[in-house]
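What follows is a single structure, written as structure tokens, with notes after it.
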Amino acid sequence: MVHSAYDSFQILRDVPSRIDSVAAWNSKLFFARADGSLRVYSLPSDRLAEGGATLSRDEPPSYVLERTFPGFFRKGTSVSLLSLGSRNLLLSLSDAVAFHRLPSLEAAVSLSKTKGASSYDWDDRRGFLCVGRQRRVIIYRHEGYLFIITFTITIIIIMPLCGSDPILVLDFSMRVLERHPSETIELFLSGGVPPDLVNSYLKQHSPQMQATYLEHMLSMNEHGITANLQNELVQFYLSQLLDCYASLSAQKKWNEEEYSPTRQKLISALENTIGYNPENLLKRLPLDALYEERALLLGRMQQHHLALSLYVHKNF
């Protein structure tokens with residue numbers, strides 16, 4: 001016996017044959033046909049007044065043909081539709097990627113560089129459009145009414161190599177890191193290159209970007225970042241803070257009660273991550289400063305009496 005977890009409803013009658021793709025937006029349905037036409041179906045006005053397309057076994061919604069757009073797509077090409085509801089756009093891929101504003105279906109933009117594309121994917125949260133074309137991947141970023149190519153041609157070419165040749169990817173990425181830092185980080189965060197390998201390269205070539213990469217990794221999944229990478233991030237924060245301490249102490253300007261952004265990040269990391277080695281960090285701390293950091297490390301080492309003593313006598 002076969003059981004179905006879903007009920008089926010008939011919401012359309014006399015549906016035309018040879019439908020390539022379907023998309024939905026609010027109370028409308030869009031049908032792309034093989035003859036190049038686009039059909040728009042919607043709920044009758046009386047049904048909309050009753051509350052829209054609420055599914056009911058006794059009275060399912062019945063859509064009616066609102067309008068047909070002949071020649072909307074080039075005839076003879078396969079069509080794929082996607083509704084970008086959060087941006088009120090309808091994406092179509094036939095011979096190229098094109099966008100139309102909703103609900104008017106007015107042409108918004110056609111991406112000429114995607115001509116001949118065979119696939120795409122859309123990241124709604126970040127507004128990224130990924131298009132596959134002739135063994136290349138092109139990444140666009142949506143800004144207002146524009147779609148801007150995010151990655152340079154170098155990155156476009158090397159993205160498919162992430163899994164097969166990560167060293168080559170890293171070598172080429174270092175060349176464009178200064179001009180496109182955030183986009184390069186996005187490439188690294190895609191998961192194609194092993195995180196430990198990315199971290200080692202960034203530590204050598206761009207320590208500041210190393211911290212940015214690790215912070216993004218931690219924000220995406222605080223439990224998915226390895227203990228080694230957690231330790232790398234804490235060590236980076238501590239090194240930055242020690243450099244600041246050395247400079248200000250030499251000028252007799254160090255104030256134990258001031259908490260710079262780096263110091264705040266270090267304290268937060270000491271409190272909320274567990275991958276670091278407290279004994280090793282403790283050896284790096286000066287004896288006459290950074291008392292709160294010392295107390296946190298002592299507490300992590302189960303030396304609670306010493307930690308409490310610092311809180312009481314140093315009054316921080």
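Things worth noting here:
- Leading residue by the ranking (least open to solvent (accessible area, probe 1.4 Å)) among those in segment 68-93 that are among the polar types (S, T, N, Q) and in contact with a strand residue (DSSP E or B) (Cβ under 8 Å, 6 or more places away or on another chain): 92
- Selection within segment 20-40 - within 21 Å of residue 74 (Cα to Cα) and either open to solvent by 60 Å² or more (accessible area, probe 1.4 Å) or assigned to a loop (DSSP other than H, G, I, E, B) (or both): 20, 22, 34, 35, 36, 37
Residue-wise test of (1) open to solvent by less than 40 Å² (accessible area, probe 1.4 Å); (2) without any contact (Cβ under 8 Å) to a residue 12 or more places away in the chain.
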| residue | (1), (2) |
| --- | --- |
| 211 | yes, no |
| 218 | no, no |
| 237 | yes, no |
| 250 | no, yes |
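- Within segment 93-134, being among the hydroxyl-bearing types (Ser, Thr, Tyr) and in contact with a Ser or Thr (Cβ under 7 Å, 6 or more places away or on another chain) holds for one residue alone: 94.
- Residue in segment 283-298 that is closer than 24 Å to residue 230 by Cβ, aromatic (Phe, Trp, Tyr) and part of a helix (DSSP H, G or I) present: yes
Conditions tested, residue by residue: (1) in contact with a His (Cβ under 7 Å, 6 or more places away or on another chain); (2) at pLDDT 90 or above; (3) part of a loop (DSSP other than H, G, I, E, B); (4) closer than 30 Å to residue 185 by Cβ.
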site	(1), (2), (3), (4)
210	no, no, no, yes
249	no, yes, no, no
253	no, yes, yes, no
263	no, yes, no, yes
270	no, yes, no, yes
274	no, no, yes, yes
280	no, yes, no, yes
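- Residue list for segment 248-267, filter: touching a Phe, Trp or Tyr at 6+ places or on another chain (Cβ under 9 Å) and more than 29 Å from residue 126 (Cβ to Cβ): 248, 254, 256, 257, 263, 267
- If you go through segment 111-134 and keep only what is polar (S, T, N, Q) and open to solvent by less than 70 Å² (accessible area, probe 1.4 Å), you end up with 114, 119.
The values are calculated or read from the model by the stated rules, or taken from the named source; none is laboratory data. All values reported here derive from a predicted model rather than from experimental measurement. As a convention, Cβ positions derive from the backbone with ideal geometry for all residues, glycine included, and neighbour counts pool all protein chains shown. The area values use the complete protein model at the heavy-atom level, side chains included, leaving out ligands, DNA and RNA. Shrake-Rupley method; radii C 1.70, N 1.55, O 1.52, S 1.80 Å.
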